[in-house]
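The values are calculated or read from the model by the stated rules, or taken from the named source; none is laboratory data. Quantities reported herein were computed from a predicted structural model and do not represent experimental measurements. Because the Cβ atoms are built from the backbone with ideal geometry, glycine has one as well, and the counts that use them run over all protein chains shown.
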Amino acid sequence: MMKKNTRLILALDEIDKQRALKIAEELSGIVDAIKINWPLVLHSSPSIITEISKLCDVICDFKVADIPNTVRLIVERAVDLGASGIIVHGFVGHDSVCEAVRSAGESADVFVVTEMSHPGGKEFTAPVAERLAALAVECGASGVIAPATRLDRLKAIRKIVGDLLILAPGVGAQGGSAGDAISMGADYVIVGRSIYESANPKGVAKAICEEIANRLENDRSSVSEKVSR
């Protein structure tokens with residue numbers, strides 16, 4: 001299970017391997033996990049998973065979408081290389097998602113995409129997001145991906161997945177707010193370009209962590225006030 005200290009996950013889509021490793025090392029004590037995607041893997045090698053996993057939990061955002069056997073081969077290899085989490089698409093159906101969960105076993109978490117955070121996500125994933133959230137629950141996934149860019153959807157998906165983890169992308173460059181996403185039910189926010197393209201990645205990451213911490217404190221205070229009335 002990933003740590004839940006700052007609630008911030010870095011989406012490290014930097015394609016220069018040495019800069020990526022430098023940022024990973026610099027932020028490993030700040031973020032709860034580092035999410036890597038195909039850009040970094042294809043510009044370096046799959047071994048980058050292992051290298052970063054020595055610094056921090058790694059989530060492989062491969063958005064796996066294939067038949068069960070192919071899903072198994074991808075998930076098993078990612079776990080062998082050191083991944084702590086794998087992101088898969090839910091639209092491939094129960095058999096493929098359940099296979100991802102089986103293949104990850106106790107070694108890694110599986111997160112199912114319910115709704116993409118970019119504008120195009122409204123076209124095909126949004127209309128079936130709630131069905132995909134239910135599928136994640138039925139297959140025993142650890143959590144789901146839900147958009148920080150559409151807070152009403154985030155809130156709706158939380159009602160379906162219960163205690164499953166929600167990872168919310170779209171904060172920063174896509175316009176989402178870290179604090180708002182946390183208030184609406186996200187367990188973690190995923191931030192990429194705003195951090196790794198910055199001249200001061202560590203400073204930006206710390207500022208986001210502070211925003212999250214302040215929002216959590218304010219939310220707790222609001223709940224306490226309502227209870228005491």
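Worth a mention:
- Count of the stretch 137-150 residues which are over 16 Å from the mean Cα position of the chain (by Cα) and either crowded, with 19+ Cβ neighbours inside 10 Å or free of Cβ contacts under 8 Å to residues at least 24 places away in the same chain (or both): 1
- Annotation: of all residues in the stretch 70-96 being among the β-branched types (Val, Ile, Thr) and out of contact with any Pro (no Cβ under 9 Å at 6 or more places or on another chain), the one that is surrounded by the fewest Cβ atoms within 10 Å (Cβ to Cβ) is THR70.
- Going through (1) under 15 Å from the mean Cα position of the chain (by Cα); (2) at pLDDT 95 or above one by one, HIS118 falls short only on (2).
- Across the stretch 64-79, the qualifying residues are those that are hydrophobic (A, V, I, L, M, F, W, C) and touching a residue at least 24 places away in the same chain (Cβ under 8 Å), and the one among them that is farthest from LEU164 (Cα to Cα) is ILE67.
- Segments classed as strands (runs of 3 or more DSSP E), wholly inside the stretch 2-79, with at least 1 members that are under 17 Å from VAL204 (Cβ atoms): 8-11, 33-36
- Residues in the stretch 80-118 that are outside any loop (DSSP other than H, G, I, E, B) and either closer than 15 Å to LEU167 by Cβ or of a type in the set (Lys, Arg) (or both): 11 in all.
- Residue in the stretch 155-171 that is touching a residue at least 12 places away in the same chain (Cβ under 8 Å), surrounded by 19 or more Cβ atoms within 10 Å (Cβ to Cβ) and over 17 Å from GLU115 (Cβ atoms) present: no
- Scanning the stretch 121-136 for residues that are at pLDDT 95 or above, surrounded by 14 or more Cβ atoms within 10 Å (Cβ to Cβ), within 14 Å of VAL92 (Cβ to Cβ) and out of contact with any strand residue (DSSP E or B) (no Cβ under 9 Å at 6 or more places or on another chain) gives no hits.
- Picking from residues in the stretch 173-213 that are in a loop (DSSP other than H, G, I, E, B) and over 16 Å from MET116 (Cβ atoms), the one that is modelled with the lowest pLDDT is SER177.
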